[in-house]
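Chemist: Here it is, the structure, as structure tokens.
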Amino acid sequence: MGIILNQAKTPLTIFNEKTEHVFLGEILHFVLENLLISGKNNLRIFDSEEKFLSEALKFLKKALACRAEPLSLKDKIKEKALDILKNLYKNQSFVNFARDLLKDAEVIYKEVESFLKEKDDFNFLRPDLIVKTKNAFVLVEFKLHQPGLQEKETIDQQIKQYLKLLQQIKKDANIKAVLVCLEPFFLEEKEYNVRSAGHPTQLSLFENLM
Amino acid sequence: MSEALVIPPNFHFLKTLCNFFLDLHSLTDEKILNVYLIFPNKRSCLFFKYYLQEKADFFSAGFFPRIFSWEEFIDYLYINLFEDPFPKVSEIYKIFCFLEAVNELETIRKEEFEKYFEWGFKFIEVFEEFEKEGRIPQNLLYPPEELPFFAKKIFEDLKRFYLKYQQVLKKHGFSYSTYRLKEVVQFLKELRQKSQSLPEILKEIEEIWFIGFAALRRIEEELLNFIKDLVPNTYFIFEGWEPLPEVLKNTFKALNLKPRFISSEHKEINIIHPKISFYKAGDVHLEISEVVKLIEKPVKRPDEICIVVNDPDLVVPLLFQLENINLSLEINISLFYPIDRLLINKLFLSIIQAQKGKKENLYLVSDYIRVLTHPYVKKIKYLFSFHIPKIVKEVEEYLQRKGYLMISLEEIEREFPYYEGFLKVFHDTFFRNLENITTFFEVSQVIKNLIILLKPLWEENLSTQISWENIVLRNYLETLETKVLTFFEEIRFGSLFQDKNLILKVLEYFLKTEKISLFGDPLKGLQILGFLETRLLSFEKIVVLDVNEGVLPPPQEFNPLLTEEIKRWFGIPIYRNELWFYYFERLIKSSKEAHLLYLVVEKSKTQEFREPSRFILKLKWDLERENSPIQEKILQRKMVVFSKKEGIPKDEKVKQYLLKYLKTESVSRYFLETYLKCGAMFYFRYILKLKELPKEGFKIEEIGNFLHEFFEKFYEKLLGKEYKISDIYEEQKLKEIFENLWKKYEFEKKMDPLSHLFSKKVAMESIVKYFEYLKDIETKVQQNILIGLEKEFLFRDNVKLNDEKFQITFNGRFDFLIKRKEHHIKYLILDFKSNPAYTPYSKKAMEFIEFINSNNLIEDFSLKTLNEMVDKLGKDLCNFQLMFYYYLFYKNKEKFIEPDLDFYIINAGFITPSDIKKPEKFLFNPSKPRDWAKIYNFFENKFIIFLEWLINHILFSDKFYFTENTELCKYCCYYIPCKNMMHIL
């Protein structure tokens, strides 16, 4: 009858499954998640580019220490990551978003492992950040590049599931999700609140965020 | 005193833990995100999550607590506690840091790097043993005498070398598991000493659970004790039973814990007595066949059946058998698989081997052929318009024909100009690109190019990851990319190690020792796990393969720097499998059914001695003490003793073929001799026409051919002439012929220098001595005339076959035919033999004549009569060859012997120049002249009767009989098909 082997699929560079972009994306995820957590206790890191980059560099070093890639590649990635972070800081809407998000944040959870049961499917989810404020929960999801049409659908589906997850757990809470795209920078927000009867709606940026 | 919560394995450890955990926590409360659970390995994390999700089924969504394996947790702490953490590197980086450290202290000479490289691994193990004990290595003033001088020197000054090594690691910014653990512990120690506030990362941990740890090393104990003090809600969960195992008691003591067994309200199940079955097998295939029988229905849950594989080589036959059962099976495999089992790895190792064997611009032909005939090379057809297998075959045959020991790539390219396109790419990619490497980086580029070249072979298959081969290959490539290429692309050690041999040795080390870590995920179906992967897991049915001594517990790799005596001196704890006993016992106790298979091989030529593991003996002993019956099944092969057949049956078709052959072809001595030696050999050679596989390199018969040709060249101008060796012998000229011919045979390319030197000397000396012998006997010789050289003789004689008269042509080629005048005129038929053991048996020859003269050869074509006849022809059938040649000459004698000659002697013999004492040996040495008449009469009238009987035997015996002389079989090229024919077909 035959056998089916269920094995973790290891990505390979030769098949372009593990590209510099993927590497860079993972590094930036680590940095931004930690940067926002750090900013919760110290909003002043957003006061100047110097402070922002100095804090980012701290996490960049940690992110790179988690990886086994050769030094030469790491140097290259570090440089690219710093460029992206510089551009990000130059974008006032990101700084505003971060400040607005963090000023009311009570707790920030990163890489939250969770599950969502839909009919008979059991989905394991891992949103990048869940920010708990006095009145709401905000999900933050980072993407390095602007997604293509097909990818966008997957991301939408992913965010929809994150919203659903929180909605199931925190039935009375206002729940919002923000997609942060780094290159080119843009923010996209979706809301799922008790009033909107279970369907996420797309909002304009920062409208009624907190 | 804190509490150690003990969960018995028969409660189902992880599920019971889940029950207990869920009593304390809700998965929908975000506070759970500040609860940390630490397990010893990743697999137990995965299973725990699986059970959490299962038990939380009534929730439609939830959060998982923070679940880490021990290693992940240490990495997490290290990365987050330190401002500038170092990346974790593989073993090889550590070795190079060690080498750099030693070089800074002691300046290593280039040629010494290799031995320091090998010993480096052993020293690093010593360093890490100290680190695990939370100590700095101390000097060993009197190291063991048997250690090499440089190792003793390092040992005597171990602390200084260790500190330098740490300095080099820091300079490069490298870390490794024990280093990270050591640093974290040091950080926490200082934090406590200075009473500083907790870093954010530790504040986040509101509750922490250490689950299933036992036999902790000192540094691990320290860490757990620090965390216990820092995090108010620290749980310690253990898997244990009454009476508590020693390893647990020691752990409780080290962590200052008071054990308490979990209350039964949380227990998931309670297995009172697992059903244990033992299986004693003679070989692994029997084991595997039995395992497959134990899987009776589809395996749905991952905790239903687990097959524990202690020897990774069993995975392939196991999967093969599982594929053939009438069930659809989903499988997870989690174990370490050695990379040297992979075909692609063998190609890389062959390429390195070729470089190691290369001298100047020459490659060993055997190494070249190994690369050329590798299956992947034959498959790279997408690059060329050529049919690559055809090129490979042609080049291989050319090299085998040439018999060179070494060859240059250019020579092969010159020989096959029409395949230049393929050969150039093949040679550049697999050979030339590695010829002049001086840096690790260059090697990484060569490997990358090779992978790119081979990539199209895998592209389609690897994307699906369906088969075992593809899964292993993908993991292999990943290992190569992350562990090998990553290191080789680092250029930082370049200036220190610019030696091609060392660089290749490092690569070879990787390719021989590295292991692929296979991880079954998502969790589904049948589990095939390495033994350590089963920690904390419970299965309904557990099947453990190869529970043998030397396998379970696994043998410890011997490090001469860490003998028990040295460990005692250093104060490093000595473990004697206590932990393995604990893991084994918990595995049995946690399952409803345990099937334990082991091999017993008492004495065998083909298998190593195997005996059951001490675990089996203990378990049986425990069962006996409890008066529990021992269920044991002996797995035996259904032994079929194949009777040895007498011969290969001869059917009418074969007989007709032979008859036609005899009528139309001439019959050589080889034809007849082959039959006399072995009927089966005759069948393979003359009926099936199976050719011997060409052999690589130098062939021993080439020396014989050389001697033949040498004497032919020496004598060719003397044909038909009278000569005396003492007159014509010129040492200089002889040497000239010798040298030219030796060069023509290209022996220097076919042998290693030492063999070449000796062979040449022996050959030359034998020839010189033979001529000296000839000069010596010339005192008695009046005249020598060379009447034949490499001369072919034919004779057509009447033979009665099946009551019918046929004319059969016999043929033979004589090396020399000499008319030598001594007291009488002698006609000598001489055959060269390079092996001095060849000798005629004169007494046997006369007995043979008597036998044929006085017996009617009856129509008994049995094996017995054939053997009797072979026995009469002397060892190696030496007499047959000479008699056959004698017969051919005798029947053609009027062409050479004057009719009016009254008395003459015809004799046949061997020239064995390497037999210095007696280089000429003759078949007949009759004491009385009248015996010659008897001999001549025999060849005139009777020898043909023997040939007739022999040909009738070939044609009309029932079978082609297998020889009873097994010595012949040892070097027979038909050994394998013959063995099958003899016993099975």
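Chemist: Name the single residue that is farthest from the other protein chains (Cβ to nearest Cβ) among those in the stretch A:107-133 being among the aromatic types (Phe, Trp, Tyr) and open to solvent by 10 Å² or more (accessible area, probe 1.4 Å).
Modeler: Among those that are among the aromatic types (Phe, Trp, Tyr) and open to solvent by 10 Å² or more (accessible area, probe 1.4 Å), it is A:PHE124.
Chemist: If B:ASP23 satisfies every condition in (1) part of a helix (DSSP H, G or I); (2) over 48 Å from the mean Cα position of the chain (by Cα); (3) within 10 Å of chain A (Cβ to nearest Cβ) but one, which is the exception?
Modeler: Of everything listed in (1) part of a helix (DSSP H, G or I); (2) over 48 Å from the mean Cα position of the chain (by Cα); (3) within 10 Å of chain A (Cβ to nearest Cβ), B:ASP23 misses just condition (3).
Chemist: Of everything in the stretch B:91-107, what is buried (at least 18 other Cβ atoms within 10 Å of the Cβ) and over 34 Å from the mean Cα position of the chain (by Cα)? Give them in sequence order.
Modeler: Correct list: B:GLU100, B:ALA101, B:VAL102, B:ASN103.
Chemist: Exactly one condition in (1) within 14 Å of another protein chain (Cβ to nearest Cβ); (2) open to solvent by 50 Å² or more (accessible area, probe 1.4 Å); (3) touching a residue at least 60 places away in the same chain (Cβ under 8 Å) is false for A:LEU71; which is it?
Modeler: (3)
Chemist: Further question on the same structure: Pick from B:PRO899, B:PRO926: which is part of a loop (DSSP other than H, G, I, E, B), open to solvent by less than 40 Å² (accessible area, probe 1.4 Å) and over 17 Å from B:PHE814 (Cα atoms)? Steps first, please.
Modeler: Values: B:PRO899 fails: open to solvent by less than 40 Å² (accessible area, probe 1.4 Å).
Sole residue among the options that is part of a loop (DSSP other than H, G, I, E, B), open to solvent by less than 40 Å² (accessible area, probe 1.4 Å) and over 17 Å from B:PHE814 (Cα atoms): B:PRO926.
Chemist: Quick one: is B:LEU794 assigned to a loop (DSSP other than H, G, I, E, B), open to solvent by 30 Å² or more (accessible area, probe 1.4 Å) and in contact with a helix residue (DSSP H, G or I) (Cβ under 9 Å, 6 or more places away or on another chain)? Quick ask: steps written out before the conclusion?
Modeler: Numbers: assigned to a loop (DSSP other than H, G, I, E, B): no; open to solvent by 30 Å² or more (accessible area, probe 1.4 Å): yes; in contact with a helix residue (DSSP H, G or I) (Cβ under 9 Å, 6 or more places away or on another chain): yes.
Considered against the rule, which asks whether it is assigned to a loop (DSSP other than H, G, I, E, B), open to solvent by 30 Å² or more (accessible area, probe 1.4 Å) and in contact with a helix residue (DSSP H, G or I) (Cβ under 9 Å, 6 or more places away or on another chain), B:LEU794 comes out as no.
Chemist: So, in the stretch A:34-49, of the ones that are among the aliphatic types (A, V, I, L, M) and away from chain B (no Cβ under 11 Å), which residue ends up nearest to A:ILE84 (Cα to Cα)?
Modeler: Step one: of the stretch A:34-49, the residues among the aliphatic types (A, V, I, L, M) are A:35-37, A:43, A:45.
Those left that are additionally away from chain B (no Cβ under 11 Å): A:35-36, A:43, A:45.
Values: A:LEU35: 14, A:LEU36: 16, A:LEU43: 20, A:ILE45: 17 Å.
So the residue we want is A:LEU35.
Chemist: Hand me the list of helices (runs of 4 or more DSSP H) wholly inside the stretch B:313-400 holding 3 or more residues that are away from chain A (no Cβ under 14 Å). Show your work before the answer.
Modeler: Values: elements: B:315-323, B:343-357, B:365-372, B:375-379.
Result: B:343-357, B:365-372, B:375-379.
Chemist: Filter the stretch A:134-158 down to the residues that are under 18 Å from A:HIS21 (Cβ atoms) and either of a type in the set (Phe, Trp, Tyr) or within 14 Å of chain B (Cβ to nearest Cβ) (or both) and list them by number.
Modeler: Listed by number, the list holds a single entry, A:PHE142.
Chemist: Moving on to the next point. All but one of (1) surrounded by 20 or more Cβ atoms within 10 Å (Cβ to Cβ); (2) more than 9 Å from chain A (Cβ to nearest Cβ); (3) within 28 Å of the chain's Cα centre (by Cα) hold for B:ASN475; state the number of the condition that does not hold.
Modeler: Here B:ASN475 clears every test but (2).
Chemist: Taking B:GLU624, is it farther than 30 Å from B:LEU866 by Cβ, open to solvent by 90 Å² or more (accessible area, probe 1.4 Å), of a type in the set (Asp, Glu) and at pLDDT 90 or above? Even if it seems obvious, please write down each step before you answer.
Modeler: On the way: farther than 30 Å from B:LEU866 by Cβ: yes; open to solvent by 90 Å² or more (accessible area, probe 1.4 Å): yes; of a type in the set (Asp, Glu): yes; at pLDDT 90 or above: yes.
Spelling it out, B:GLU624 is indeed farther than 30 Å from B:LEU866 by Cβ, open to solvent by 90 Å² or more (accessible area, probe 1.4 Å), of a type in the set (Asp, Glu) and at pLDDT 90 or above.
Chemist: Here are the criteria: (1) open to solvent by 70 Å² or more (accessible area, probe 1.4 Å); (2) farther than 30 Å from B:SER444 by Cα. Tell me which single one A:ALA136 does not satisfy.
Modeler: (1)
Chemist: B:PHE910 fails exactly one of the following numbered conditions: (1) open to solvent by less than 40 Å² (accessible area, probe 1.4 Å); (2) farther than 20 Å from B:LYS819 by Cβ; (3) not in a helix (DSSP H, G or I). What is the number of that condition?
Modeler: Result: B:PHE910 fails condition (2) only.
Chemist: Can you name the residue in the stretch B:515-534 that is among the β-branched types (Val, Ile, Thr) and over 25 Å from the mean Cα position of the chain (by Cα) and, of all such residues, is nearest to the other protein chains (Cβ to nearest Cβ)? Outline the logic, then answer.
Modeler: Quick first cut of the stretch B:515-534, residues among the β-branched types (Val, Ile, Thr) only: B:516, B:528, B:534.
Subset that is over 25 Å from the mean Cα position of the chain (by Cα): B:528, B:534.
Numbers: B:ILE528: 9, B:THR534: 18 Å.
Once the filter is applied, the top-ranked residue is B:ILE528.
Chemist: Which ones in the stretch A:4-25 are in a strand (DSSP E or B) and buried (at least 17 other Cβ atoms within 10 Å of the Cβ)?
Modeler: Going residue by residue through the stretch A:4-25, those that are in a strand (DSSP E or B) are A:4-5, A:7.
Within the stretch A:4-25, A:LEU5, A:GLN7 meet the criteria.
Chemist: Would you say B:GLU204 is open to solvent by 40 Å² or more (accessible area, probe 1.4 Å) and either of a type in the set (Gly, Ala, Ser) or farther than 25 Å from B:LEU5 by Cα (or both)? So that I can check it myself, show each step before the final result.
Modeler: Working: open to solvent by 40 Å² or more (accessible area, probe 1.4 Å): yes; either of a type in the set (Gly, Ala, Ser) or farther than 25 Å from B:LEU5 by Cα (or both): no.
Considered against the rule, which asks whether it is open to solvent by 40 Å² or more (accessible area, probe 1.4 Å) and either of a type in the set (Gly, Ala, Ser) or farther than 25 Å from B:LEU5 by Cα (or both), B:GLU204 comes out as no.
Chemist: Mind listing whichever residues of the stretch B:428-446 are within 11 Å of chain A (Cβ to nearest Cβ) and either open to solvent by 40 Å² or more (accessible area, probe 1.4 Å) or among the aliphatic types (A, V, I, L, M) (or both)?
Modeler: Taking the stretch B:428-446 and keeping what is within 11 Å of chain A (Cβ to nearest Cβ), we get B:440-441, B:444.
B:PHE441, the sole residue that qualifies.
Chemist: Does B:GLN193 qualify as being among the polar types (S, T, N, Q) and either within 13 Å of B:TYR78 (Cα to Cα) or open to solvent by 30 Å² or more (accessible area, probe 1.4 Å) (or both)? Before the answer, list the steps.
Modeler: Details: among the polar types (S, T, N, Q): yes; either within 13 Å of B:TYR78 (Cα to Cα) or open to solvent by 30 Å² or more (accessible area, probe 1.4 Å) (or both): yes.
Yes, satisfied.
Chemist: Right, next: Hey, any hits in the stretch B:220-240 for a residue that's farther than 30 Å from B:GLU131 by Cβ, part of a helix (DSSP H, G or I) and open to solvent by 20 Å² or more (accessible area, probe 1.4 Å)?
Modeler: Kept after step one, since they are farther than 30 Å from B:GLU131 by Cβ, are these residues of the stretch B:220-240: none.
Within the stretch B:220-240 (the criterion being farther than 30 Å from B:GLU131 by Cβ, part of a helix (DSSP H, G or I) and open to solvent by 20 Å² or more (accessible area, probe 1.4 Å)), the answer is no, since none of the residues qualifies.
Chemist: Does the stretch B:381-388 include one or more residues that are hydrophobic (A, V, I, L, M, F, W, C), touching a strand residue (DSSP E or B) at 6+ places or on another chain (Cβ under 9 Å) and either open to solvent by less than 10 Å² (accessible area, probe 1.4 Å) or modelled with pLDDT under 95 (or both)? Let's see the steps before the verdict.
Modeler: Within the stretch B:381-388, the subset hydrophobic (A, V, I, L, M, F, W, C) is B:383-384, B:386, B:388.
Right, trim to touching a strand residue (DSSP E or B) at 6+ places or on another chain (Cβ under 9 Å) and you get none.
No, the stretch B:381-388 contains no residue that is hydrophobic (A, V, I, L, M, F, W, C), touching a strand residue (DSSP E or B) at 6+ places or on another chain (Cβ under 9 Å) and either open to solvent by less than 10 Å² (accessible area, probe 1.4 Å) or modelled with pLDDT under 95 (or both).
Chemist: What do you reckon, is B:LYS88 within 10 Å of chain A (Cβ to nearest Cβ), at pLDDT below 95 and either under 40 Å from the mean Cα position of the chain (by Cα) or open to solvent by less than 30 Å² (accessible area, probe 1.4 Å) (or both)? Reasoning before the result, please.
Modeler: Numbers: within 10 Å of chain A (Cβ to nearest Cβ): yes; at pLDDT below 95: yes; either under 40 Å from the mean Cα position of the chain (by Cα) or open to solvent by less than 30 Å² (accessible area, probe 1.4 Å) (or both): yes.
Against the criterion (within 10 Å of chain A (Cβ to nearest Cβ), at pLDDT below 95 and either under 40 Å from the mean Cα position of the chain (by Cα) or open to solvent by less than 30 Å² (accessible area, probe 1.4 Å) (or both)), B:LYS88 qualifies.
Chemist: At pLDDT 95 or above, touching a Leu at 6+ places or on another chain (Cβ under 6 Å), more than 14 Å from every other protein chain (Cβ to nearest Cβ) and under 16 Å from B:ILE7 (Cβ atoms): which single residue out of B:PHE236, B:PHE252 fits that description?
Modeler: Working: B:PHE252 fails: touching a Leu at 6+ places or on another chain (Cβ under 6 Å).
Just a single option satisfies the conditions, and that option is B:PHE236.
Chemist: Then there is this: Being facing chain A (nearest Cβ under 8 Å) and either of a type in the set (D, E, K, R) or on the phi > 0 side of the Ramachandran plot (or both) is the filter here; which residues of the stretch B:67-85 pass it?
Modeler: Correct list: B:ASP75, B:GLU83, B:ASP84.
Chemist: If you don't mind, another one. Any residue in the stretch B:767-784 that is touching a residue at least 60 places away in the same chain (Cβ under 8 Å), assigned to a loop (DSSP other than H, G, I, E, B) and open to solvent by 20 Å² or more (accessible area, probe 1.4 Å)?
Modeler: Scanning the stretch B:767-784, I find no residue that is touching a residue at least 60 places away in the same chain (Cβ under 8 Å), assigned to a loop (DSSP other than H, G, I, E, B) and open to solvent by 20 Å² or more (accessible area, probe 1.4 Å), so the answer is no.
Chemist: Given (1) within 8 Å of another protein chain (Cβ to nearest Cβ); (2) modelled with pLDDT of 90 or more; (3) open to solvent by less than 60 Å² (accessible area, probe 1.4 Å), where does A:LYS61 come up short, assuming only one miss?
Modeler: Condition not satisfied by A:LYS61: (3).
Chemist: List, please: which pairs have Cβ atoms under 7 Å, are six or more places apart or on different chains, and start with a residue in the stretch B:843-866 that is more than 15 Å from B:GLU948 (Cα to Cα) and end with one that is in a loop (DSSP other than H, G, I, E, B) and open to solvent by 60 Å² or more (accessible area, probe 1.4 Å)?
Modeler: Going by the 7 Å Cβ cut-off, the qualifying pairs are B:LEU863/B:GLU646.
Chemist: Turning to a different aspect of this structure: When the stretch A:26-39 is examined, which residues are found to be more than 17 Å from A:PRO127 (Cβ to Cβ) and either surrounded by fewer than 20 Cβ atoms within 10 Å (Cβ to Cβ) or over 19 Å from the mean Cα position of the chain (by Cα) (or both)?
Modeler: Of everything in the stretch A:26-39, just one residue is more than 17 Å from A:PRO127 (Cβ to Cβ) and either surrounded by fewer than 20 Cβ atoms within 10 Å (Cβ to Cβ) or over 19 Å from the mean Cα position of the chain (by Cα) (or both), namely A:SER38.
The values are calculated or read from the model by the stated rules, or taken from the named source; none is laboratory data. On a predicted model such as this, the values are computed, not experimentally measured, just so you know. Virtual Cβ from ideal backbone geometry, glycine too; neighbours counted across all protein chains shown. Side chains are part of the model used for accessible areas, which takes the heavy atoms of the whole protein and leaves out ligands, DNA and RNA. Shrake-Rupley method; radii C 1.70, N 1.55, O 1.52, S 1.80 Å.
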